[in-house]
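Enquirer: Please read through the structure below; I'll follow up with questions.
The values are calculated or read from the model by the stated rules, or taken from the named source; none is laboratory data. Nothing here was measured: the structure is a model prediction, and the numbers come from that model. Because the Cβ atoms are built from the backbone with ideal geometry, glycine has one as well, and the counts that use them run over all protein chains shown.
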């Protein structure tokens, strides 16, 4: 299969482009895609290309047909499709924090994936909500899209673009770090009042969870910086020492906050990959909380007209319950 990059698909990361193209082939795993990229099995203009290469108009992407196999229609007809038929704008409206002619900001609930994946094929995703709500803005091959993603169990501000130009602009200011991103989280331990974590990250594969994850690797080119301010600490009779921490991201790597905090021995509560299993079990048993206590609280940037855009998502009930006397 040879695919030519056109204006509607240009400037996408190579790996994200392939993930979209492989969606109709449920047997293709995420790990397969990254393995093919690393080995050069899937090429751009006949050459091996890194996963973060940004595709340009006229690039030729070659995907050997034998890699994909056949589409499986029976597996593509999912319970999610039945749910989509019942999804209305009225269902989605309560999640909207902000909307104008170019973009829309959602308060993403914990437990909802940003994009469909092989692990969550039958679940509604935030991408489904966006496409359903803003379907009138789809033009040609363009569909309303998010400029970034949040983990399934992370809640908070998630911004989508209604047109191609808005998406390009959002991607640009994210790349150039012209967005202020503030998160709230609850961690195990007693961190300093203010600290900055600067540790390079590298993507790896976790066989136990069958998914990509990040590891600290100071030789990696993926320099990463997370600024943390401890807002309040307390001793919980079931969970031990806890801290409410405000995070400012200076870079936006996958799982960055979670990996950085865990590397300093302050893991995020209910982080099933990098967290403290014993504390997580107590959190579920004693408080019936089974979600990652990480929340994208505020997103601030200047749009292409010079207008400040500021989106704040209400603090989740689970975080308020653990710190009931803190004024958010």
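Enquirer: When both residues are 6+ apart or on different chains and their Cβ atoms are under 8 Å apart, which pairs have a first residue that lies in the stretch 216-227 and is over 13 Å from residue 250 (Cα atoms), and a second that is at pLDDT 85 or above and part of a loop (DSSP other than H, G, I, E, B)?
Expert: Pairs that qualify, where the first residue is over 13 Å from residue 250 (Cα atoms) and the partner is at pLDDT 85 or above and part of a loop (DSSP other than H, G, I, E, B), are 216/199; 216/200; 217/200; 218/199; 218/200; 219/200; 220/200; 221/200.
Residue-by-condition table, conditions (1) in the same structural domain as residue 30 (by TED's automatic domain parsing); (2) at pLDDT 90 or above; (3) under 15 Å from the mean Cα position of the chain (by Cα):
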{"position": "144", "(1), (2), (3)": "no, yes, no"}
{"position": "147", "(1), (2), (3)": "no, no, yes"}
{"position": "153", "(1), (2), (3)": "no, yes, yes"}
{"position": "158", "(1), (2), (3)": "no, yes, yes"}
{"position": "161", "(1), (2), (3)": "no, yes, no"}
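Enquirer: Among the listed residues 80, 71, identify the single one that is out of contact with any helix residue (DSSP H, G or I) (no Cβ under 7 Å at 6 or more places or on another chain), surrounded by 10 or more Cβ atoms within 10 Å (Cβ to Cβ), modelled with pLDDT under 90 and in a loop (DSSP other than H, G, I, E, B). Spell out how you get there, then give the answer.
Expert: On the way: 80 fails: in a loop (DSSP other than H, G, I, E, B).
Exactly one of 80, 71 is out of contact with any helix residue (DSSP H, G or I) (no Cβ under 7 Å at 6 or more places or on another chain), surrounded by 10 or more Cβ atoms within 10 Å (Cβ to Cβ), modelled with pLDDT under 90 and in a loop (DSSP other than H, G, I, E, B), namely 71.
Enquirer: Going by what's in this entry, would residue 46 be described as farther than 22 Å from residue 144 by Cα, modelled with pLDDT of 90 or more and loosely packed, with under 14 Cβ neighbours inside 10 Å? If you could, list the steps in order and put the result at the bottom.
Expert: Values: farther than 22 Å from residue 144 by Cα: yes; modelled with pLDDT of 90 or more: yes; loosely packed, with under 14 Cβ neighbours inside 10 Å: yes.
In short, yes.
Enquirer: OK, next. Starting from residues that are at pLDDT 85 or above and touching a helix residue (DSSP H, G or I) at 6+ places or on another chain (Cβ under 7 Å), keep the ones in the stretch 83-94 and report whichever is surrounded by the most Cβ atoms within 10 Å (Cβ to Cβ).
Expert: Across the stretch 83-94, the extreme among qualifying residues is 92.
Enquirer: Ok, one more. In the stretch 21-43, how many are more than 17 Å from residue 204 (Cα to Cα) and loosely packed, with under 13 Cβ neighbours inside 10 Å?
Expert: 1
Enquirer: Right, another one. Can you tell me which of (1) surrounded by 16 or more Cβ atoms within 10 Å (Cβ to Cβ); (2) out of contact with any helix residue (DSSP H, G or I) (no Cβ under 9 Å at 6 or more places or on another chain); (3) modelled with pLDDT of 95 or more is the one residue 265 doesn't meet?
Expert: Condition not satisfied by residue 265: (1).
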